[in-house]
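The values are calculated or read from the model by the stated rules, or taken from the named source; none is laboratory data. Here the structure is a predicted model, which means the values were calculated and not measured. Cβ atoms come from the backbone with ideal geometry, glycine included; neighbour counts cover every protein chain shown.
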Amino acid sequence: MKIYVNGEFLSEEDAKVSVFDYGFLYGYGLFESMRAYNGKVFRLDRHVKRLFESAKRIGMNLSVEEGEVRAAAQKTLEENGLSDAYLRVTVTYGKGGPRLEFSQNVENSLVVFAREFSPDAPAYERGIRVAISEAVKPHSKFSGVKSLNFLPYLMAKLEAKERGVDDIVLTNPDGTLAEASTSNIFFVSKGGLVTPDSGILPGITKEAVVEIAAKEGIQVDERRVLPNEMKFFEECFLTNSVMELVPVVEIDGNAVGSGAPGEITRKIHHLYRRLVADESL
């Protein structure tokens, strides 16, 4: 594997950043996970835009530019001879002083790697099982930032493993649903879509699903969602850029709808893949 590190392509063994990098020391950095289809990153511009918007929100001055990040992502695909792939772009503050000292002239660390990717086909056919977290997601005005401070989501994945489910749905301090460990969540109710509007990352795939729903005349209700509403929903699915749409067939041991992937979930996933194909020509 050839990894892009600050303008160079290095082997996995040689790809390194400083141990004094604030991304390593304090989690002061950002990342984007993406999918490439037919040698082209799906909605790369939108991912890069979100990265730079997030940098502004956390006050991180960027020495890299949007064009450099876009080019690094595409070149990483080409250097590794990949067509259908998973990519991760990471930007950190860079090397800082010993006591949280900040400089206007710091050089960020930009790292990009890509791997061949094949989706978990059985998961789309049978659906997955999730549970609502036993821990409350910490409240933060930065909940919409995809930062390297990933501890709440890592703990959610560990909770899922301990509880014998595929994923965990996090809740906000007010008891409403937020998102799963690495994805947004949608429900189907009376033919329309319902999705949480607070405590969430503004997902690129979520945006695409909302666009598709609008074109198909499917109503989308972005609002506070309470756990006790689960029994009323007919379908459920998770979205993120890597796995696209995955149906959820069980929540906290209770079947969602018929207990099998639903028609609207399948329809939207089919339309999503058509959108990806059209934009990957």
Qualifying strands (runs of 3 or more DSSP E) (wholly inside the stretch 1-72; at least 1 residues being surrounded by 14 or more Cβ atoms within 10 Å (Cβ to Cβ) and without any contact (Cβ under 8 Å) to a residue 40 or more places away in the chain): 8-11
Inspect all residues belonging to the stretch 79-90 and state whether any of them is in a helix (DSSP H, G or I) and on the phi < 0 side of the Ramachandran plot. yes
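Residue-by-condition table, conditions (1) modelled with pLDDT under 95; (2) under 24 Å from ASN149 (Cβ atoms); (3) in contact with a helix residue (DSSP H, G or I) (Cβ under 8 Å, 6 or more places away or on another chain); (4) not aromatic (Phe, Trp, Tyr):
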| residue | (1), (2), (3), (4) |
| --- | --- |
| ILE3 | no, yes, yes, yes |
| GLY39 | no, no, yes, yes |
| LEU51 | no, yes, yes, yes |
| TYR93 | no, yes, yes, no |
| GLY97 | yes, yes, no, yes |
| ASN108 | no, yes, no, yes |
Give the residues of the stretch 116-141 that are of a type in the set (A, V, I, L, M, F, W, C) and either closer than 14 Å to PHE31 by Cα or surrounded by 13 or more Cβ atoms within 10 Å (Cβ to Cβ) (or both), sorted by residue number. PHE117, ALA123, ILE128, VAL130, ALA131, ILE132, VAL136
Taking LEU271, is it over 23 Å from the mean Cα position of the chain (by Cα) and touching a residue at least 12 places away in the same chain (Cβ under 8 Å)? no
Residues of the stretch 159-192 that turn out to be within 24 Å of GLU216 (Cα to Cα) and crowded, with 21+ Cβ neighbours inside 10 Å, as a count: 6
Do we find a residue being over 17 Å from the mean Cα position of the chain (by Cα), within 24 Å of TYR28 (Cβ to Cβ) and of a type in the set (S, T, N, Q) anywhere in the stretch 175-193? no
Only one of ASN61, ASN80 is under 21 Å from LYS16 (Cβ atoms) and not hydroxyl-bearing (Ser, Thr, Tyr); which? ASN80
Output the number of the condition that PHE233 fails; it satisfies all remaining conditions of (1) more than 21 Å from GLY175 (Cα to Cα); (2) touching a residue at least 12 places away in the same chain (Cβ under 8 Å); (3) among the hydrophobic types (A, V, I, L, M, F, W, C). (1)
Counting only residues that are of a type in the set (S, T, N, Q) and surrounded by fewer than 19 Cβ atoms within 10 Å (Cβ to Cβ), which one in the stretch 233-269 is farthest from PHE42 (Cα to Cα)? ASN254
